[in-house]
Amino acid sequence: MRRAWAFAAILGAFGCGGGSSGNAAGGTSDAGSDASVVDVGTGDVADAATMATDADAGASHDAPEEPPPPLMNSGPIVIDGQNDAGVVGVHVTSTTGDCIRISGSTQVTIRGSEIGPCAGNGIVVTGNSSDVVIADSYVHPEHPTSGCCDTGDGVFVSGATSVTLQGNVIAWGEANIEATGVTGLTVVGNFLLNPQNSGSRGQNVQVWANATGVDVEDNYALSSTDPKWGAPENQEDSINFGYTDGPVAKNNYVTGGRSPSGCGIIADEAANGVQFVGNVLVDTGQCGIGVSDGTNQLVDSNKVIDSTPVDGGGNTGIYVWKQYAEACGPVTVSNDVSSALKPDGVTESGYWNGGGCDPVTLTNDTWDQAARAQLTPVAQKLPPPLIPPKPLSCVAPAPFVTQTGWPPCASP
C-alpha cells in the first residue's frame, strides 16, 4: 500500500513562557522557542508496514546514485491530537524541554531524523497515542538529570498502544528507552548506547507498569567507558522487564556494564511469562541474565561470557533467585552456554540458583570451563552486529554507524 502523506503540522506549545516558532520548511530554527511548526513536504511515501515487509523480504538496499539531502533544522515539536502526521529528515533540538512530544495522536511517524540535544527527553509518546513508528533516527537528549525519573530519556513511552522503534541509534539517555503502561511495544534492530543512571534508571531498555505485548529483538546494546563512545556509561541493567506480562527479549547482542547490582537482561519484579531466547551477552557486569521474580519463565539458547567480574557483585552468568513477594516459578533454563569469572579470575559461575522459584528445570545447558571454551575468543566467535543492526528503510544520520546494507537516510 502506498499513499500520499503530508508530514506536517505540529501545533501547540510546551515549556514555559512565550517565544517565536522555528519553521523547518523555511530553513529557519529557534532551538530556544516553545513550539515549532514543521512541514517537510508531501509525497508518495510507503507506509511503515510496507517498508518493514520489504526489509524482511530482503528487498534491495543499494546505495542511491545521488547523495542524500541534509537534515533541516527545527526547534522543539509538539504533535497533539493529530492523525497521520510525521517528522522526516529534520534535526530537532530544544533548550526548553523535550525535543518531540506526541500526545493523543495516531499514525505518527518519525523517520530519518536527528533528535537532540534536548533540555528534557528526546521523544515522548503519551496520552493514549497509538500506531507510532520511530525509525532510522539518531536520538541523543544529552540532558543531565539529578534524580528520578524520566526527564532525560532517549524515548519515553507512557500509556500508548502499538509503538515501534526500529533501526535507531539512541544514546546517552537517562534510560535510552523507557516504557510504562504500554500495550504493544516493538523494539527491533536499534543501537542503544551508554545509558546515564541518575536514580532508578540507567537502562538501555526498561519496560514496567502493566505492560503487555512487548517484543525486544535484534538490538545491539552497548555500555562502555571508552571515550570513543562519548559520555561514559552509568548502566544499572541493560534490558529490564518489571510488572510486565509475556515480554520477549530475543537475539539481542548486549555488552558492557559495571554495576554491582545490575544484569545484562533481567526479569524483575512481577514480570511474568518472560522469554529470554537466543541473546548474546558479553561482559555485562556482575550478571548476564537474571530471573528474580515472576511465573512461567523461559531462558533458552543464550550465550553468556563474562571475564570482567565486579567487586561486590554476585558475578554469575545466569541466576534464578526469588527477590520479591510475588510468586516465582516455574522456570525453564535450556540450551544455554554460560561462563562468568569470579573476582579471583579462576573460579567460574555460569549458573546459580538462589532458591524460591521452584520448580527450575535445567536441560542441555553448558556451564563454566566447557562454556568458556565454546565462546572464546569473543572477537572471533561472538562478534557484534553492524550499527544499527536492522534499519527499517535507511541508515540513521548518526555517528558510529557501520551498516552498509541500506542507503543513508540523510547527510548528518
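Would you list Tyr324, Tyr220, Tyr138, Tyr243 from fewest to most Cβ contacts within 10 Å? Don't skip to the answer; put the middle values down first.
On the way: Tyr324 15, Tyr220 23, Tyr138 27, Tyr243 19.
Ascending number of Cβ neighbours within 10 Å: Tyr324, Tyr243, Tyr220, Tyr138.
Stokes-Einstein diffusion coefficient for the stretch 246-381 at 25 °C in a medium of 0.890 mPa s, Rh from the Kirkwood formula over Cα pairs: what value in µm²/s?
Estimated via Stokes-Einstein, D reaches 172 µm²/s.
Which of Phe400, Phe156, Phe241 comes first, and how do the rest follow, when ranked by fewest Cβ neighbours within 10 Å?
Numbers: Phe400 17, Phe156 26, Phe241 30.
Ranked by crowding around the Cβ, least crowded first: Phe400, Phe156, Phe241.
I'd like the Karplus ³J(HN,Hα) series for the stretch 260-274: coefficients 6.51, -1.76, 1.60, θ = phi - 60°, whole numbers in Hz, and an x wherever there's a Gly or Pro.
Ordered by residue, 3J(HN,Hα) equals x, 10, x, 10, x, 9, 9, 8, 8, 4, 6, 8, 10, x, 6 Hz.
Which values, in whole Å and largest first, are the semi-axes of the equivalent ellipsoid of the stretch 189-248 obtained as the square root of 5 times each eigenvalue of the Cα gyration tensor?
So the three semi-axes of the stretch 189-248 are 23, 14, 6 Å.
Read the figures in this text as sums done on the coordinates, not as results from a lab. Treat the numbers as computed from the prediction; the structure is a model and nothing was measured. Cβ atoms come from the backbone with ideal geometry, glycine included; neighbour counts cover every protein chain shown.
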